[in-house]
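Participant: Here it is: the structure, laid out below.
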Amino acid sequence: MELSGGNLTEGIPCWRFALVNAKALLCDADQRFSIEDVLLPDPGPDDIAIRSHYTGVSIGTEFALIRNKISWGPYPLCTGYMGTGTVEAVGDRIDNFRVGDQVYFRRNAAMTLADGRVVSCVSGAHASHAVLPPNGTHGAAHVPTGLSMETAAMFVMPAVGLYGVDMANPRMGEAVVAYGVGPIGLGVVAACVHRGCFVIAVDLNPIALDVAREFGADVLIDGSKQDASTEVAKLVPEGADIVFECTGLPQCINAAIALCRKHGSFVWHGNYGAAPVSLDFLPAHNRRLRMFFPCDDGLAPCRRAVVKNMAMGALKWEKTITHRIDHTEAPAIFDRINRGARDVLGVVIQWGD
C-alpha cells in the first residue's frame, strides 16, 4: 500500500492515498479463481482504510454468487463479507476509529483491475486491504480485547444464526431442529443451546455434526445413515416446535417442513437463490405453521452479541474452522469447494501478519 500526503485533525491521521499494491481473490465467468492486483478508491471523509489480517469464507452465499445462483453484479467478482484487520487511515469526519485500531468489517466499497475494468464487490472482503464507510449498516467495529483476529474474521455466520433464532424466539425446553449444520446451522445450534432448548442437529457431514455436538446439540442425526423424519418422531412424536432449514437447498424444504408440529414455526434460514422455489402446500397449511424469513446478519446488534460471546469464551467459534490458509492458497481451495469438497466446513484466509 502506498500513502501520499497527510495531515492531523485533532490527533487523528487523515490520508489521501492509492492502494496500488492491493491484492484480491477474484472469480471470472468461467469460475476460475486467481489472486490479482487491484486498485481501491481513495478513502473519502467518511471512510477508513484497513489492512486485512484475515477474511472468512461463507461457502453458501459466496458459491451461490460464484455459480450465479444469485447475482449481485457482473464478473469478475470479489466475494467475501467478513474480515478483520488494522486501521491504516481514517477520513476527516471519522471520530470513532483511529489508526492502529483492530476491527472486524463487512465489505469493500469498490475496486478495479489495473487496466480500469470494474470488479463487482460482492461484498469484496477477500482482499489485502479494504476501504469502506465504517459507520454504515455494513461497516466496521472494534475487535474486543482477548479475541483472536482469526476467529473474529468468521463473525457473520453465527450472527446470521442468532438473527433467525431471535426472530423465531424459541423458549426454554422447546424442541428445535437445525436442518443442516454448516456454519449458519451451527450458529443456530449455539444460540438455541444458550436459550435452554432441546436441540436436534441434522446433517450429512460428520465433521459438521461433531462440531454441533461440541456446541451442545442434544441429538445428532446423520442423514446419510438415518431417516430424519423417523428419528425426530421418536424424540418428539408431535413434531418439533421450530425447524430451522439451514441448507439453502430447495429440495430440502418439504422434508424440513414435515418435521414441524402443528402450530409450530419454520425458519427459511438459507438463501435459496433467485429462481422460484416450490413446496407442498398442504403439510404446511395443515400444521398452521408460522414462517420466518431472516435476511442478512441482524446488523450491529447480532454481530456485537456473537463477537462478545466469542471474546468471553461462551461461543468457541474457532471449532468451526477446518482450514487456515495463506491468501496464495485461496484459489486452490475455492476450486476444491466449487468441485464439491466435503471436508471443508470453515475457511479463514490470512492476508498478512
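The values are calculated or read from the model by the stated rules, or taken from the named source; none is laboratory data. The structure displayed is predicted, hence computed values, not measured ones. So basically every Cβ, Gly included, is an ideal-geometry build from the backbone, and we count neighbours across all protein chains shown. Areas reflect the complete protein model, heavy atoms only, side chains present, ligands, DNA and RNA absent. Shrake-Rupley method; radii C 1.70, N 1.55, O 1.52, S 1.80 Å.
Participant: Looking at the stretch 215-229 only, could you name the residues that are under 21 Å from V160 (Cα atoms) and crowded, with 17+ Cβ neighbours inside 10 Å? Give the steps one after another, and end with the answer.
Facilitator: Let us first name the residues in the stretch 215-229 that are under 21 Å from V160 (Cα atoms), namely 215-217.
Listed by number, the residues that qualify are F215, A217.
Participant: Return the only residue of D46, D42, D30 being closer than 17 Å to R98 by Cβ and either of a type outside the set (K, R) or at pLDDT 95 or above (or both). First the steps, then the outcome.
Facilitator: Numbers: D42 fails: closer than 17 Å to R98 by Cβ; D30 fails: closer than 17 Å to R98 by Cβ.
Just one listed residue meets the conditions, D46.
Participant: Let me confirm something: among G340, G352, which residue is open to solvent by less than 40 Å² (accessible area, probe 1.4 Å) and of a type outside the set (V, I, T)?
Facilitator: Numbers: G340 fails: open to solvent by less than 40 Å² (accessible area, probe 1.4 Å).
One residue alone meets the criteria, G352.
Participant: I need the full set of residues from the stretch 272-317 which are in contact with a helix residue (DSSP H, G or I) (Cβ under 6 Å, 6 or more places away or on another chain), open to solvent by 40 Å² or more (accessible area, probe 1.4 Å) and within 20 Å of T61 (Cα to Cα), in order please.
Facilitator: V277
Participant: Can you name the residue in the stretch 179-202 that is more than 20 Å from E318 (Cα to Cα) and touching a Gly at 6+ places or on another chain (Cβ under 8 Å) and is also most open to solvent (accessible area, probe 1.4 Å) among such residues?
Facilitator: Taking the stretch 179-202 as the starting set, the residues that turn out to be more than 20 Å from E318 (Cα to Cα) are 179, 195-200, 202.
Going one step further and asking which of them are touching a Gly at 6+ places or on another chain (Cβ under 8 Å), we end up with 179, 196-199, 202.
Details: Y179: 33, G196: 32, C197: 12, F198: 66, V199: 1, V202: 9 Å².
Selected residue: F198.
Participant: Quick check on my filter: what residues within the stretch 318-336 are within 25 Å of P206 (Cα to Cα), out of contact with any Gly (no Cβ under 8 Å at 6 or more places or on another chain) and buried (at least 19 other Cβ atoms within 10 Å of the Cβ)?
Facilitator: Residues satisfying the conditions are A330, F334.
Participant: From the list A255, A201, A275, pick out the single residue that is under 30 Å from M310 (Cβ atoms) and hydrophobic (A, V, I, L, M, F, W, C). Working first, answer last.
Facilitator: On the way: A255 fails: under 30 Å from M310 (Cβ atoms); A275 fails: under 30 Å from M310 (Cβ atoms).
Only one candidate qualifies: A201.
Participant: Being farther than 19 Å from V348 by Cα and at pLDDT below 95 narrows it down to one residue among G136, G60, G164, G146; which is it? Give the derivation first.
Facilitator: Working: G60 fails: farther than 19 Å from V348 by Cα; G164 fails: at pLDDT below 95; G146 fails: farther than 19 Å from V348 by Cα.
Of G136, G60, G164, G146, the one residue that is farther than 19 Å from V348 by Cα and at pLDDT below 95 is G136.
Participant: Sticking with this structure for a sec: Among the residues of the stretch 67-89 satisfying the criterion of being open to solvent by 10 Å² or more (accessible area, probe 1.4 Å) and without any contact (Cβ under 8 Å) to a residue 60 or more places away in the chain, which is nearest to the chain's Cα centre (by Cα)?
Facilitator: So in the stretch 67-89, the residues open to solvent by 10 Å² or more (accessible area, probe 1.4 Å) come out as 67-76, 81, 86, 88.
Filter again for without any contact (Cβ under 8 Å) to a residue 60 or more places away in the chain, leaving 68, 72-76, 86.
On the way: N68: 18, W72: 16, G73: 19, P74: 21, Y75: 21, P76: 21, T86: 20 Å.
The selected residue is W72.
Participant: May I ask you to verify whether G116 is over 30 Å from S71 (Cα atoms), over 14 Å from the mean Cα position of the chain (by Cα) and of a type in the set (G, A, S)?
Facilitator: Working: over 30 Å from S71 (Cα atoms): no; over 14 Å from the mean Cα position of the chain (by Cα): yes; of a type in the set (G, A, S): yes.
It is false that G116 is over 30 Å from S71 (Cα atoms), over 14 Å from the mean Cα position of the chain (by Cα) and of a type in the set (G, A, S).
Participant: Which one of these is within 26 Å of C252 (Cα to Cα) and β-branched (V, I, T): V165, V143? Before the answer, list the steps.
Facilitator: Details: V143 fails: within 26 Å of C252 (Cα to Cα).
Going through V165, V143 in turn, just one is within 26 Å of C252 (Cα to Cα) and β-branched (V, I, T): V165.
Participant: Here is a follow-up. Can A212 be described as part of a loop (DSSP other than H, G, I, E, B), in contact with a strand residue (DSSP E or B) (Cβ under 6 Å, 6 or more places away or on another chain) and surrounded by 20 or more Cβ atoms within 10 Å (Cβ to Cβ)?
Facilitator: Numbers: part of a loop (DSSP other than H, G, I, E, B): no; in contact with a strand residue (DSSP E or B) (Cβ under 6 Å, 6 or more places away or on another chain): yes; surrounded by 20 or more Cβ atoms within 10 Å (Cβ to Cβ): yes.
No, not satisfied.
Participant: A further question on this structure: Does any residue in the stretch 141-152 that is outside any strand (DSSP E or B) come within less than 8 Å, Cβ to Cβ, of a residue that is open to solvent by 50 Å² or more (accessible area, probe 1.4 Å) six or more places away or on a different chain, and which pairs are these?
Facilitator: As it stands, the answer is V143/Q102; P144/K308; S148/E318; M149/Q102; E150/E318; E150/R324; E150/Q350; T151/E318, since those pairs meet every condition given.
Participant: Looking at the stretch 163-178, which of its residues are of a type in the set (G, A, S) and either open to solvent by less than 30 Å² (accessible area, probe 1.4 Å) or in a helix (DSSP H, G or I) (or both)?
Facilitator: Here is the first cut: in the stretch 163-178, the residues of a type in the set (G, A, S) are 164, 168, 173, 175, 178.
Across the stretch 163-178, the qualifying residues are G164, A168, A175, A178.
Participant: Next question, about the same structure. Residues in the stretch 230-256 that are closer than 22 Å to Y272 by Cα and surrounded by 15 or more Cβ atoms within 10 Å (Cβ to Cβ): how many? Full working, then the answer.
Facilitator: First, pick out the residues of the stretch 230-256 that are closer than 22 Å to Y272 by Cα: 242-256.
Of the ones still in play, those that are also surrounded by 15 or more Cβ atoms within 10 Å (Cβ to Cβ) are 242-250, 252-253, 255-256.
Number of matching residues: 13.
Participant: Do the conditions hold for M111, that is, is it open to solvent by less than 40 Å² (accessible area, probe 1.4 Å), closer than 29 Å to Y179 by Cβ, in contact with a strand residue (DSSP E or B) (Cβ under 6 Å, 6 or more places away or on another chain) and not polar (S, T, N, Q)? Let's see the steps before the verdict.
Facilitator: On the way: open to solvent by less than 40 Å² (accessible area, probe 1.4 Å): yes; closer than 29 Å to Y179 by Cβ: no; in contact with a strand residue (DSSP E or B) (Cβ under 6 Å, 6 or more places away or on another chain): yes; not polar (S, T, N, Q): yes.
Judged against the criteria, M111 is not a match.
Participant: Pairs only if they're at least six apart or on different chains, beta carbon under 6 angstrom, first in the stretch 118-133 and open to solvent by less than 10 Å² (accessible area, probe 1.4 Å), second of a type in the set (K, R) and not in a strand (DSSP E or B); list them, first residue then second.
Facilitator: Partner pairs satisfying both residue conditions: G124/R107; A125/R107; L132/R107.
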